[in-house]
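Contents: one structure, followed by commentary.
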Amino acid sequence: MLTKLLTVFLTRRYTLRCERRDRRSPPSKIKGGISPPYGIEGIDTSPLCANVAAPDDFDRDYLKNLIGLPTIFSFQALETATGSFGKEIGRGGFGKVYKGTLMDGTEVAVKCLLNQTGHGQREFCAEIATISSLNHSNLVSLRGVCVEGCHRILVYELMPNGSLDRWLFSSDKQLDWKTRYSIALDTARGLAYLHEESRLGILHLDVKPQNILLDEDFKAKVSDFGMARSLNRDSESSVMTGMRGTPGYMAPEWLLERGITYKTDVFSYGMVLLEIVRGSKNVDHSQDSENWYFPSVAFQKARQGKMDELIQSGLQLKRPQEMDEAHLLIKTALWCIQNNSALRPSMGTVVRFLEGDLEVRDPPLTYMLPFASSTDDETLTDLDCEGGQEFS
Ligand SMILES: Nc1ncnc2c1ncn2[C@@H]1O[C@H](COP(=O)(O)OP(=O)(O)O)[C@@H](O)[C@H]1O
Ligand SMILES: [Mg+2]
């Protein structure tokens, strides 16, 4: 009970602090080697992003300089395509998303930013700067943008099966095991590309089921680059302030403002993996004090040799190897959500685990709640003594 109160308090305090910073409206203050999206490789949008009253011309000049220039749509074209924004297919913290059909018959998702000032404006810039420089089959692709008057709109390929949360957390839909496994692998490939193969070296910073989209064949693509940042590869870690992730998926080092690295995304990915296996949310405040935070339960069950109990009940594992795959996902998740980020594997290593190229050793099972900061170093020592595996 005490730990639950402490988490609620810490999460609330963190959110309030971020909100206060947002009100003061500084551009994200970033130390170390991390660049804001508007400072990456010659794309300088800082004047436009910092200046909330930026006029239209910001966007035009800025867009012209983008690598992989996106198509620029008029507002009227998108109004026609969406039937006057008649069919809402999703919404998040920064925008509403509508279904649309372009003149050539292509179906698209049209994301209109709700708040085009301050933080919202920066989200818009981040999203365009990031996604227009990327090209991978496990990342959702940008079809174009609209920057007319007060409108800031992003046009994406339509992902007909929507976001993963709708499939994992709904009682009337259930994904079979094969689909879950391929979604886990697709997502890992998308993130490995972002971290290790993309030219800019990008941190997503908002990995969660709501930002993993599914096409008509349930192929998964990572989406929503509003929080993304480029991390200089030679920098070990960076401290970011004035930024908000999603509680429940944020790594301890970010919650405690100790600096973020690629491993911050790895932590969030591990949390998503647990949810894929279990089919429900990791954080459930309606549960009792023992069970409200599923990762603690997962470590406890693993210590007791009861990993099978972590798999969604009622999920039919048909093929003989499916139980092995479930154990592999759970072990990978437990590596990914280690408090000590050095122990977490890289996303490239995760891909090799899931492709069966690399054996997953048993993860260290000494686990503290993420906010138990003062014990981090002890945890590391314990793990080292136990022969914890260091990944690069
Ligand atoms: N390309 C798309 N195809 C289908 N649904 C989408 C698409 N993009 C977004 N959505 C839906 O809209 C929701 C919010 O979109 P998102 O880009 O995550 O916005 P926000 O930045 O506000 O979180 C998603 O969780 C998803 O359900
Ligand atoms: Mg989102």
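The values are calculated or read from the model by the stated rules, or taken from the named source; none is laboratory data. Keep in mind that this is a model prediction, so the values were computed, not measured. Backbone-built Cβ (ideal geometry, glycine too); neighbour counts: all protein chains shown.
So how many residues does the range 288-340 have that are in contact with a strand residue (DSSP E or B) (Cβ under 8 Å, 6 or more places away or on another chain) and either among the aliphatic types (A, V, I, L, M) or in a loop (DSSP other than H, G, I, E, B) (or both)? Within the range 288-340, residues that are in contact with a strand residue (DSSP E or B) (Cβ under 8 Å, 6 or more places away or on another chain) and either among the aliphatic types (A, V, I, L, M) or in a loop (DSSP other than H, G, I, E, B) (or both) number 1.
Only one entry of L205, L185 meets the criterion of being in the same structural domain as N282 (by TED's automatic domain parsing), surrounded by 22 or more Cβ atoms within 10 Å (Cβ to Cβ) and either within 20 Å of V350 (Cα to Cα) or more than 15 Å from ligand 1 (Cβ to nearest atom) (or both), and that entry is L205.
Flag set for S137, criterion: closer than 30 Å to L317 by Cβ, outside any helix (DSSP H, G or I) and at pLDDT 90 or above.
Which residue pairs have Cβ atoms closer than 6 Å, lie 6 or more positions apart in sequence or on different chains, and pair a first residue in the range 70-88 that is under 15 Å from V145 (Cβ atoms) with a second residue that is in a loop (DSSP other than H, G, I, E, B)? Qualifying pairs under 6 Å: P70/S132; A81/L102. Where strands (runs of 3 or more DSSP E) sit wholly within the range 35-122, those with at least 3 residues that are at pLDDT 65 or above and surrounded by fewer than 20 Cβ atoms within 10 Å (Cβ to Cβ) occupy 88-91, 95-101.
Scanning the range 244-278 for residues that are crowded, with 21+ Cβ neighbours inside 10 Å and among the small types (G, A, S), we see that the one that is nearest to M307 (Cα to Cα) is G270.
What number of residues within the range 208-229 are within 11 Å of ligand 2 (Cβ to nearest atom) and surrounded by fewer than 24 Cβ atoms within 10 Å (Cβ to Cβ)? Result for the range 208-229: 3.
Scan the range 282-295 residue by residue and report those that are in contact with a Gly (Cβ under 9 Å, 6 or more places away or on another chain) and either free of Cβ contacts under 8 Å to residues at least 60 places away in the same chain or surrounded by fewer than 16 Cβ atoms within 10 Å (Cβ to Cβ) (or both). Within the range 282-295, N282, V283 meet the criteria. Any residue that is outside any helix (DSSP H, G or I), small (G, A, S) and outside the structural domain of F85 (by TED's automatic domain parsing) - is there at least one of those in the range 164-172? Within the range 164-172, one or more residues are outside any helix (DSSP H, G or I), small (G, A, S) and outside the structural domain of F85 (by TED's automatic domain parsing).
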